[in-house]
Amino acid sequence: MDRRGKENYYLDIAQTVLERGTCLRRNFGAIIVKNDVIVSTGYSGAPRGRVNCCDSGVCIRDKLNIPRGERYELCRSVHAEANAIIAASRNEMLGATLYLVGKDMKTGQIMDDASSCTMCRRLIINAGISRVVIRRDADRYEVVDVRDWIFKDDLSGAGGY
């Protein structure tokens, strides 16, 4: 029997979670796992009670031609990582792994260069999550040691991702 590896198993679940996303540009799915138990899930979407971009038909960042990785304060969405962190207690996240999958909504393809934004990295660090596993394609993934994000501080000039 050819059994799916554990990392891809959890990434498959995160990929299913992203299908609930409401972003018109890129949807992400995140799950937090500790001791082989799913602690929480999150996907990209507007805050509860606010209109989702998929419902309004407008992405303000697209409309203003804002490049990827810039001016997130204009985005309506709460990122998948943030939503997963909000849904869990810190004790559940200490030493946990966050699995992340991104999908380009224009092409329908999994993003082979997906990563957490600077703000989500800060949230992941403070939550006590120790690893982030990011899907690159159906079977390949990258494992990030969160300590690398601490020591390669994006604002110190020491470089970032």
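For the reader, a short list of remarks on this structure follows.
- Computed from label points 7 Å out along Cα-Cβ, the spacing between THR107 and ILE125 is 3.0 nm.
- Helical mean residue ellipticity (222 nm; -39500 (n - 2.57) per DSSP H run of 4+; nearest 500) of the chain: -7500 deg cm²/dmol
- Extension gain (nm, one decimal) between ASP145 and ALA87, 0.36 nm per residue minus Cα-Cα: 18.7 nm
- Label zone at ASP137, where the point sits 7 Å out along the Cα-to-Cβ direction: the stretch 88-114 residues whose backbone N lies under 13 Å: 110-113
- Note on the stretch 37-161: Rg/Rh from Cα positions, Kirkwood definition for Rh, rounded to two decimals, is 0.96.
- Extension reserve of the LEU74-VAL51 stretch, reckoned as 0.36 nm per residue once the Cα distance is removed: 6.9 nm
Any read-out appearing in this document is the output of simple, stated calculations on the displayed coordinates, not a laboratory observation. In this text, all values refer to a predicted model and were calculated from it rather than measured experimentally. Virtual Cβ from ideal backbone geometry, glycine too; neighbours counted across all protein chains shown.
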